[in-house]
Amino acid sequence: MPIAIAIAAHPDDIEFRMAGTLLLLKQAGWETHYLNLSSGNCGSVKLNSTETARRRRAEAQHAAKILRAHWHPPFCRDLEIFYDLKHLRRLAAIVREVKPAVVLTHPPEDYMEDHTNTGRLAVTAVFAHGMPNFHSIPPRAANDVAITIYHATPHGLCDSLRRAVTPGLFVNTTSVHATKLAALAAHTSQQNWLDVSQGMNSYLQAMEDESLAVGKLSRRFVHAEGWWRHSHMGFCGAEADPLRTALKKNCFINQAFARSTTGWSD
């Protein structure tokens with residue numbers, strides 16, 4: 001059975017832009033995994049750090065259950081996700097243990113460093129998974145599984161300098177949107193936090209709006225998630241595109257993007 005893992009920064013990041021694709025892979029017969037690097041301990045203006053982390057852990061476990069994905073515990077804290085050796089060794093151990101064929105993660109650039117650093121850590125952890133001389137924590141044996149990395153769209157569909165981005169691959173999440181929404185709704189603590197910290201009147205509506213926006217960009221789907229495939233070099237075969245293979249008609253290649261890269265072709 002092929003395996004996919006979503007690697008995100010905070011509890012609810014997977015639900016915002018990766019959960020639909022994870023659900024479709026599950027329906028296609030894949031084993032799926034769910035990992036947030038951070039405990040989400042700063043995500044409250046009412047609870048202290050320990051109480052917030054405890055509540056968000058329970059919410060994330062509930063969300064993973066809704067998504068029917070294996071939940072992995074976080075190993076760091078909000079605003080402490082740094083691209084460093086300590087975090088890399090911990091993440092490499094998980095990648096080696098799970099042995100995924102697909103890794104879903106944040107884009108190379110996003111509006112906050114926790115997201116960007118998580119994406120960078122995921123890429124290097126995958127790159128190192130076959131290197132026996134790189135030691136993970138806890139120790140896990142290197143392996144030769146071919147892994148393809150896909151980067152999700154950034155928050156607001158723009159980079160950190162407000163420049164609009166367009167995905168290279170669209171995944172039709174319309175059929176699983178209700179379940180994706182239910183998984184996000186499991187993060188009940190975030191309603192007040194996102195209202196106060198980011199002006200998102202309803203975090204559920206914010207996800208709904210962005211899902212529809214990506215669908216509109218695709219020009220064929222109602223709800224969609226957008227992806228870019230990471231370079232294959234050092235990771236997998238040049239033609240490897242397991243998302244497209246597994247999801248078939250629910251995948252659509254952005255031909256304008258394909259013509260400007262060597263990434264995809266029909």
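A compact table of results
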item: Karplus-derived 3J(HN,Hα), 6.51/-1.76/1.60, for each residue of the stretch 229-241, Hz, glycine and proline x; result: 8, 5, 3, 6, 4, x, 10, 7, x, 4, 9, 4, 8
item: The stretch 75-115-the stretch 122-186 distance, computed between alpha-carbon centres (Å); result: 9
item: Charge tally in the Cβ shell below 10 Å around residue 207, where Lys, Arg are +1 and Asp, Glu are -1, residue 207 excluded; result: -3
item: Neighbour net charge for residue 89 - beta-carbon separation under 12 angstrom, K R +1, D E -1; result: +3
item: Percent of beta bridges antiparallel (DSSP, the stretch 3-260, rounded to nearest 5); result: 40
item: Net +/- balance of residues flanking residue 31 in space, Cβ distance below 11 Å, scoring K and R +1, D and E -1; result: +3
item: Mean shadow area of the chain over all directions, Cα convex hull, nm²; result: 13.0
item: Residue-by-residue Karplus 3J(HN,Hα) for the stretch 174-182, coefficients 6.51, -1.76, 1.60, Hz, glycine and proline x; result: 4, 5, 10, 4, 4, 5, 4, 5, 5
item: Relative packing of 106-119, 49-62, which averages over residues the other C-beta atoms within 10 Å, highest first; result: 106-119, 49-62
item: Selected from 1, 125, 153, residue furthest toward positive end of dipole (the chain; charges at beta carbon); result: 1
item: Per-residue ³J(HN,Hα) for the stretch 154-166, Karplus 6.51 cos²θ - 1.76 cosθ + 1.60, θ = phi - 60°, Hz, x for Gly and Pro; result: x, 4, x, 6, 8, 7, 5, 9, 6, 7, 5, 10, 10
item: Tensor-based shape of the stretch 1-155 (alpha-carbon gyration tensor, a/c under 1.5 rounded, otherwise prolate or oblate); result: oblate
item: Rounded if a/c under 1.5, otherwise prolate or oblate - the stretch 99-153, Cα gyration tensor axes; result: oblate
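Any read-out appearing in this document is the output of simple, stated calculations on the displayed coordinates, not a laboratory observation. All of these numbers come straight from a predicted model, not from anything done at the bench. As a convention, Cβ positions derive from the backbone with ideal geometry for all residues, glycine included, and neighbour counts pool all protein chains shown.
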